[in-house]
Structure formats: C-alpha cells, structure tokens
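For reference, the structure discussed in these notes is given below.
The values are calculated or read from the model by the stated rules, or taken from the named source; none is laboratory data. None of these values were measured; they are calculated from a predicted model. Because the Cβ atoms are built from the backbone with ideal geometry, glycine has one as well, and the counts that use them run over all protein chains shown.
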C-alpha cells in the first residue's frame, strides 16, 4: 500500500504537470477515455508503483484525497479511473446522465475496454471490472441514483465479482443493503440479474428469445447489461435510467453511478467458488 509521503509526492508532481512544468504521462491502457488536455488533471502521476484502486489512495491520504482522476493498477493493468473520494474512496466504473450525449449502444469489444469520458458519462470496461473485483480480499458494489428532484438513493452489494471474459463477464453478487430497492438479486419483477452473463448488441447471452440489448424504448436500444429476460434494472439505457420503482419512465432519474471498493469484511469463501448456475 502506498504511504502518505508517496501520495503527497505524487500530488506535488501532478501540480507541476498542471502548471505545465512537468508532465510525463504513464502508458495507461484506457487513455482513450480522456481528452488530451485532461491528462494533466490526473492527480497521482510520477509514482514508481501505483495503487490497486481508489480506496487504497483514500486510505493512504487518511481520507484527505480529492475527488478526481487517478492512476490505479488492478491486477497489472495501469488505467485511469475517476475516484469518489468524498464518499470513502470508491472507484467509479459507470456513470450515466439521462439523455446523455454518450451512446451506450456499443459492441462487445467497446464494453470490454470502456468508452465515454471519465470526467462524465462512461463505462470503465468489463476487463477492468473483472480485474478490480477479482483482486485479493473482497469487493463491494455501490449503485447511486439521483432523481429529478435531487433525491439520492444508494444500494450496496457485498461482495461483488465480475468474472473474466471466458465466462462472458458473469456477475456474482452478495448481500444487499441500502435505501434503494434491490433490483439485481430480488426477483420482484421476474428478472434476476445476479449470476447472469453480459450481453451486448453483437453478443447475445441473455435468457430472452431476442437480444435484450437491441430492444428499443422510444427509439433507444437497451445497451450492454447483465440481462435476464430482459431487465428489472438497466443503467445503460440512456433515455430512461431504470431501477424498478426507484427509477423508471414515471419516476425519472437524472443520474446513476456504479462504483466498487474493497469491502470491510474479509472472511468467508470467495464468491467465484460458488457452483451456482444461471437461471
């Protein structure tokens, strides 16, 4: 784990980069999610070793790190991510605004490596979701929803695991708690997203006779997601953010985030070892 001194040193180098006196940007694998002028906004350049996630930076800074862009290195891949530090060091893996200008109707390969803008609406990438959640220890997922009246609701799944591409990025979820409804593991609308494979418009892994990612609402396709047949929740359809009764076409939500961080709980068998099959 990086220490306080390393974090402060990296911050000083990033300030130098920001004012234009020094900026040697490391070879991050997802720089396509940043505009060239945004490279100088990354807050921890200049390190020899990089933290595995945003929570590690937050811990090293003793909770003083700023929200923003950071370099992290989960499972060997150096990437840039947006860190929600004021909320406790979460690594943001998805953000969407209703009627976003970012198109979420993307191919398998685009969802694999990520798209959009890390400073706005984006998908970090299924490869990196897998690398983040399969690191030693346990990770948890937070979903944050904000409706048109600026009322915010959250829900957390602990633990979370996104399996590798060989299993089509199957989603594994643990226990839920929060102020939002549990729209991923509860079968309240006859859809169960837990334990489902990922589906995109060019790779159909869902349980419906058609491809759920291609089905349109008001002319907008569903986007990539862990569909059942099809969805009790979908945060990648850009015209309607859908989370059962919390967010839908009658109760409009303006924003949604998905983020992960290391869990406080460390005991128990690894989630990936469960022999459970998809429904």
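Restricting the search to the stretch 244-279, which residues are modelled with pLDDT of 50 or more, closer than 27 Å to residue 72 by Cβ and in contact with a strand residue (DSSP E or B) (Cβ under 7 Å, 6 or more places away or on another chain)? Please lay out each step first, then the result.
We begin by selecting, within the stretch 244-279, every residue modelled with pLDDT of 50 or more; these are 244-266.
Retained after the next criterion (residues that are closer than 27 Å to residue 72 by Cβ): 255-266.
Those that are modelled with pLDDT of 50 or more, closer than 27 Å to residue 72 by Cβ and in contact with a strand residue (DSSP E or B) (Cβ under 7 Å, 6 or more places away or on another chain): 255, 256, 257, 258, 259, 260, 261, 262, 263, 265.
Across the stretch 105-118, which residue is nearest to residue 41 (Cα to Cα) among those that are in a loop (DSSP other than H, G, I, E, B) and touching a strand residue (DSSP E or B) at 6+ places or on another chain (Cβ under 7 Å)?
Looking only at the stretch 105-118, we keep the residues that are in a loop (DSSP other than H, G, I, E, B), and these are 105-107, 114, 117-118.
Remaining after also requiring touching a strand residue (DSSP E or B) at 6+ places or on another chain (Cβ under 7 Å): 105-107, 114, 118.
Numbers: 105: 28, 106: 27, 107: 29, 114: 19, 118: 11 Å.
Top of the filtered list is 118.
Can you report the number of residues in the stretch 70-83 which are farther than 28 Å from residue 202 by Cα and surrounded by fewer than 21 Cβ atoms within 10 Å (Cβ to Cβ)?
So the count comes out to 2.
Looking at residue 206, is it over 19 Å from residue 258 (Cα atoms) and in contact (Cβ under 8 Å) with a residue 40 or more places away in the chain? If you could, list the steps in order and put the result at the bottom.
On the way: over 19 Å from residue 258 (Cα atoms): yes; in contact (Cβ under 8 Å) with a residue 40 or more places away in the chain: no.
No; evaluated as a whole, the condition is false for this residue.
If residue 70 passes every condition in (1) without any contact (Cβ under 8 Å) to a residue 60 or more places away in the chain; (2) assigned to a loop (DSSP other than H, G, I, E, B); (3) under 22 Å from residue 52 (Cα atoms) but one, which one does it miss?
Checking residue 70 against (1) without any contact (Cβ under 8 Å) to a residue 60 or more places away in the chain; (2) assigned to a loop (DSSP other than H, G, I, E, B); (3) under 22 Å from residue 52 (Cα atoms), the one that fails is (2).
Is there a residue being surrounded by fewer than 22 Cβ atoms within 10 Å (Cβ to Cβ), at pLDDT 95 or above and farther than 25 Å from residue 114 by Cβ anywhere in the stretch 210-228?
Scanning the stretch 210-228, I find at least one residue that is surrounded by fewer than 22 Cβ atoms within 10 Å (Cβ to Cβ), at pLDDT 95 or above and farther than 25 Å from residue 114 by Cβ, so the answer is yes.
Any idea which of 102, 92, 31 is crowded, with 19+ Cβ neighbours inside 10 Å and at pLDDT 90 or above? Don't jump to the end; show me each part of the working.
On the way: 102 fails: crowded, with 19+ Cβ neighbours inside 10 Å; 31 fails: crowded, with 19+ Cβ neighbours inside 10 Å.
Selected residue: 92, the only one of 102, 92, 31 that is crowded, with 19+ Cβ neighbours inside 10 Å and at pLDDT 90 or above.
Mind counting the residues in the stretch 160-181 that are within 23 Å of residue 124 (Cβ to Cβ) and either touching a strand residue (DSSP E or B) at 6+ places or on another chain (Cβ under 9 Å) or crowded, with 21+ Cβ neighbours inside 10 Å (or both)? Show your work before the answer.
Kept after step one, since they are within 23 Å of residue 124 (Cβ to Cβ), are these residues of the stretch 160-181: 160-174, 176, 178, 180.
Filter once more, so that each one left must be either touching a strand residue (DSSP E or B) at 6+ places or on another chain (Cβ under 9 Å) or crowded, with 21+ Cβ neighbours inside 10 Å (or both): 160-163, 168-174, 176, 178, 180.
Going through the stretch 160-181 one residue at a time, the tally reaches 14.
Out of everything in the stretch 199-209 that is part of a loop (DSSP other than H, G, I, E, B) and in contact with a helix residue (DSSP H, G or I) (Cβ under 6 Å, 6 or more places away or on another chain), what residue ends up being surrounded by the fewest Cβ atoms within 10 Å (Cβ to Cβ)? Spell out how you get there, then give the answer.
Within the stretch 199-209, the first condition is being part of a loop (DSSP other than H, G, I, E, B), and the residues that meet it are 201-202, 204-209.
Narrowing the set further to residues that are in contact with a helix residue (DSSP H, G or I) (Cβ under 6 Å, 6 or more places away or on another chain) leaves 201-202, 206.
Numbers: 201: 19, 202: 15, 206: 24.
Among them, the one singled out is 202.
Is it the case that residue 120 is at positive phi and surrounded by fewer than 24 Cβ atoms within 10 Å (Cβ to Cβ)? Explain how you work it out, then say what you get.
Details: at positive phi: no; surrounded by fewer than 24 Cβ atoms within 10 Å (Cβ to Cβ): yes.
Judged against the criteria, residue 120 is not a match.
Quick one: in the stretch 138-181, of everything that is within 19 Å of residue 232 (Cα to Cα) and without any contact (Cβ under 8 Å) to a residue 24 or more places away in the chain, which residue is nearest to the chain's Cα centre (by Cα)?
156
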